[in-house]
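Engineer: Pasting in a structure now, in structure tokens, and then I'll have a few things to ask.
The values are calculated or read from the model by the stated rules, or taken from the named source; none is laboratory data. Just so it is clear, the model here is predicted, and its values are computed rather than measured. Counting neighbours? That spans all protein chains shown, and the Cβs are built from the backbone with ideal geometry, glycine included.
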Amino acid sequence: MKRLFGTDGIRGTAGEFPLDEPTIVRLGRALAASLPSAAGGPPRIVIGRDTRESGPAIEAALARGIREAGGLVDLGGVLTTPAVACVTRLAGYDAGLVVSASHNPYRDNGIKVFSRTGEKIPDRTEIAIERLVLDGGEAALPGRRGAAAPGGAERPDPGRGSLPGRPALGPADLAGRYLAWLRGTVGTGASLPGWGVVLDCANGAASDLGPELFRRFGAAVTAINARPDGRNINEGCGALHPNGLAVEVRSRKARLGLAFDGDADRCLIVDSTGRVLDGDYVLFQAALDLTAAGRLGSGTVVGTVMSNLWLERALEAEGIRLLRAPVGDKYVLEEMQRGGHVLGGEQSGHVIFLETATTGDGLLTGLLFLDLLRRTGLDLAAWAATVRPCPQVLVNVPVRERPPLDGHPRIGPAIREEERRLGAAGRVLVRYSGTEPKARIMVEGESRKAVEQAAARLKSVIEDAIGRDA
């Protein structure tokens, strides 16, 4: 059982454990020791962050810990999570760190860790880091790196370089490399002149990068929620609250809208009528496009246990299999790599195009989807109107403890009873959140009344058995 890391890095309330300064410094030291340099010598690590007011302090504490353990740090400033994953790989860093709590409110923050290949580190590495941070092992780390004094191995000024042929890179350099990489993911003739596109940047890390990217392709871009103040990230906007974007798309008669979350690793689509299309819609059209191009080699798309039944049935009708992974894009990626699958993602808007990237990337998803529409001429709104998702109810229950759900004497039988009632026409999924003290209930089926009643019954049982008082 992991003690610091959840399904997407470390997350919590800024200033409180595990995001208090001493713990973050210890984490930086542990990371410098656990993610060794590929080229020998001290590890090179890049740090990016989103727009939360607590970001700079957490960034500074991480950098201090890394330097105390002998590592070298480049600070990327405000960068999206996938931008950090990308530049970590492109610029030859040994690790990339992102200070972000993704879609959470501003009071929360977190730390995500990418390996030198731009992939989220595996569970076994997270557990090893936790032992160093929590069990006293980090006390010996400076000796391992030969840097006994705090502040050792400071990064020089950008351009001076700390190792032969390895100059330090600043925020503008890193952002520029990322945007250039995005430009190269579509054909050289790709352009979107006259396309009216509205971007909801969630007052987060895409607030500058998003508009800049799509304007480079000639789109007529309107950016909303692109003025971060440290506290308004995800506040009633972005991928978690796309209704405002839907109104803006309709009022401006735009071609479509793209909604990102705070660190822009997810993207939801809004069609010209204001209909919100989640990641399942993107996966279906991307699967058809790859199949037509002969590039969906395995004939399989990786979704998650949350992917709607309509997607599974629609893909099956096209001769494509849906394989379900646990929630979390790192687990989707692991399943993709295990089976040699090139497309996967989550309903929430994390979509992984493995031919191109190793993590969900909201800007990449939006760009590739617009390019798909440009190339195929698909009438998105007309097609979306034909899709009939199965009713799906999601309920969160705050909990005071986290016993195994299936084996619980009351919760386990309640889950099995609801599964029996729904039969082959529905699904029940009850799991704990990887980032919050909550049980998450998902019930899906052909009858909305039946799934709502099932979810309500399960909520009542869980609240009574392990619920936390409000």
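Engineer: Can you run down the residue pairs with Cβ atoms below 8 Å, 6 or more apart or on separate chains, where the first is in segment 354-365 and closer than 17 Å to ASP261 by Cβ and assigned by TED's automatic domain parsing to the domain that holds VAL302 and the partner is hydroxyl-bearing (Ser, Thr, Tyr) and in a loop (DSSP other than H, G, I, E, B)?
Structural biologist: Pairs that qualify, where the first residue is closer than 17 Å to ASP261 by Cβ and assigned by TED's automatic domain parsing to the domain that holds VAL302 and the partner is hydroxyl-bearing (Ser, Thr, Tyr) and in a loop (DSSP other than H, G, I, E, B), are ASP361/THR80; GLY362/THR80; LEU363/THR80; LEU364/THR185; LEU364/THR356.
Engineer: Another one. Tell me which residues, restricted to segment 61-91, are in a loop (DSSP other than H, G, I, E, B) and at positive phi.
Structural biologist: Hit for segment 61-91 is GLY70, nothing else.
Engineer: Which ones in segment 241-272 are under 22 Å from the mean Cα position of the chain (by Cα), surrounded by fewer than 20 Cβ atoms within 10 Å (Cβ to Cβ) and either among the basic types (Lys, Arg) or farther than 22 Å from TRP383 by Cβ (or both)?
Structural biologist: Within segment 241-272, HIS241, GLY244 meet the criteria.
Engineer: Farther than 20 Å from LEU372 by Cβ, at pLDDT below 95 and among the small types (Gly, Ala, Ser): which single residue out of GLY274, GLY328, GLY262, GLY297 fits that description?
Structural biologist: Only one candidate passes the filter, namely GLY328.
Engineer: Here's another thing I want to ask about it. Looking at ALA14, ALA32, which one is modelled with pLDDT under 95, touching a strand residue (DSSP E or B) at 6+ places or on another chain (Cβ under 9 Å) and either closer than 22 Å to PRO167 by Cα or not β-branched (Val, Ile, Thr) (or both)?
Structural biologist: ALA32
Engineer: Could you please find all residues in segment 317-358 being crowded, with 17+ Cβ neighbours inside 10 Å and in a helix (DSSP H, G or I)?
Structural biologist: ASP329, LYS330, TYR331, VAL332, LEU333, GLU334, GLU335, MET336
Engineer: Name the one entry in GLU355, GLU334 that is of a type in the set (Asp, Glu) and in contact with a helix residue (DSSP H, G or I) (Cβ under 9 Å, 6 or more places away or on another chain).
Structural biologist: GLU355
Engineer: Looking only at segment 261-316, count every residue that is part of a loop (DSSP other than H, G, I, E, B), aliphatic (A, V, I, L, M), touching a residue at least 40 places away in the same chain (Cβ under 8 Å) and not assigned by TED's automatic domain parsing to the domain that holds PRO211 and tell me the total.
Structural biologist: 3
Engineer: Additional query: In segment 389-411, how many residues are loosely packed, with under 15 Cβ neighbours inside 10 Å and either of a type in the set (Lys, Arg) or under 16 Å from LYS459 (Cβ atoms) (or both)?
Structural biologist: Qualifying residue count, segment 389-411: 5.
Engineer: While we're on this one: Going by what's in this entry, would ALA384 be described as within 30 Å of SER272 (Cβ to Cβ) and in contact with a Lys or Arg (Cβ under 9 Å, 6 or more places away or on another chain)?
Structural biologist: yes
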